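All of the numbers you see were taken from the coordinates with simple rules; none came from a lab. Because the structure is predicted, anything quoted here is derived from the model rather than measured. Please note: Cβ atoms are built from the backbone with ideal geometry, for glycine as well, and neighbour counts cover all protein chains shown.
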Amino acid sequence: MTRKTPPKAPAKAPAFGPVPHNAWTQQDDHLSLVRAPLAPRPLRLDAQPQPVEIDLARAALVIVDMQNDFCHPQGWFGQKGIKVGPMRKPIAAIAQLLPIWRAAGGRVVWLNWGVRADRLNLPPIVLYKGKRSLDAVGYAETSPLDRGPSVVPGHWGAQVIDELAVAPTDITVHKHRLSGFQDNELDSLLRLGGVQTLLWAGVNTDRCVFSSLQDAGFLGYDNLLLTDACGTPSPAYVSRAIHFLVQQLHGFNTTAKAVGSALTASMAKKAPARRGARA
């Protein structure tokens, strides 16, 4: 009996685009500008002021400024005498959520301070607030215990802390303002990737996290603040004010724990269906 050769899988058409669902494809006799549809992946979350349903396929977890210079005792802030405990507080919640989020196919964006070594694109207000006195250490300057210039990409201080792993598939964006949407490519990367909903974590709640979240709302993104995955050395009433403003004006408050629980439950429901299909 002659054994039939299995048919070859059709060759994949060459694609031109940042992601599969936003790409042109080269066909035999033409170039197709038709984008492939992106199937929705609904996920319901407990949130304030009311529960919400997000599309995981169009969502990104944005982690702000979890870097050595802010979160390590020997970093820029630590050597300034600022207590880094509040900046380290989000580590456990973020570390617990990351593997669950990635396993569910969620996208991760690291939004980090990363200034030019020559500081030519930092205005006086940013330079002054980062230094405040002539004998202090400012942006791109070296602290007494030399770990390199503060928050300059490629140096220790600008790196994400060791407790949080950056995966090869994650996106890293460097910023040089409190808001990650000012004078850089964050908005372009998100839109080209089809991202509409942003889940915010990191430091500081009332500074870079809130500034970026607020700008995201102005630009039309959906915002969810993960309150247990954010931290700040500011007084507690400041964080309460931010939480109030977020749910009143800019989006919704939820927690990393709630997101992780919803993802785990969702994946558990799908697992029996996959096992049944194999059987």
Residue (of P42, G105, W76) at the positive-pole extreme of region 1-119, dipole from beta-carbon charges: G105
Fully extended contour minus Cα-Cα distance, from I161 to I91, at 0.36 nm per residue: 24.3 nm
Inter-label distance for A271 and N121, nm, one decimal - labels placed 7 Å from Cα along Cα-to-Cβ: 4.5 nm
Using alpha-carbon coordinates, inclination of helix 236-245 to the longest axis of the chain, degrees: 40 degrees
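Are there trypsin sites (Lys or Arg not before Pro) in region 1-110 that DSSP puts in a loop and that have at most 14 other Cβ atoms within 10 Å, and which ones? Let's see the in-between values first.
Values: sites: R3, K4, K8, K12, R35, R44, R58, K80, K83, R88, R102, R107; in loops: R3, K4, K8, K12, R35, K83.
Sites meeting the loop and neighbour criteria: R3, K4, K8, K12, K83.
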Farthest positive-ward along region 17-174 dipole, Cα basis, beta-carbon charges - from P168, A59, Q96: Q96
Radius of gyration and Dmax over the Cα atoms of region 194-279, both given in Å: 16.4, 57
All-pairs Cα distance distribution in the chain, expressed in whole percent, bin size 5 Å: 1, 5, 11, 15, 16, 15, 12, 8, 6, 4, 3, 2, 1, 1, 0, 0, 0, 0
Distance (nanometres) between label positions extended 7 Å along Cα→Cβ at Q48 and N22: 3.3 nm
Region 123-239 - convex hull of the alpha-carbon atoms, volume per residue in Å³: 144 Å³
Compactness of region 51-203 as Cα Rg over 2.2 N^0.38 Å, two decimals: 1.08
Under 5 Å, built H, 5+ apart or other chain: amide partners of T232: T205
Label-point separation in nm, Q196 to L249, each point 7 Å along Cα→Cβ: 2.5 nm
Within region 175-214: backbone nitrogen closer than 20 Å to the L33 label point (7 Å, Cα to C-beta): 191-194
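Once a ≥ b ≥ c are taken as the square roots of the eigenvalues of the Cα gyration tensor of region 9-95, is the result rounded (a/c under 1.5), prolate (a/b larger than b/c) or oblate (a/b not larger than b/c)?
oblate
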Alpha carbon centroid spacing (whole Å) that separates region 204-239 from region 106-158: 21 Å
Cα-centred dipole magnitude for the chain, charges only on beta-carbon of K, R (+1) and D, E (-1), debye, nearest 20: 1060 debye
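Give me the compactness ratio for region 96-182, meaning the Cα radius of gyration over 2.2 N^0.38 Å.
On the way: Rg = 15.3 Å, N = 87, 2.2 N^0.38 = 12.0 Å.
Normalised Cα radius of gyration, region 96-182: 1.27.
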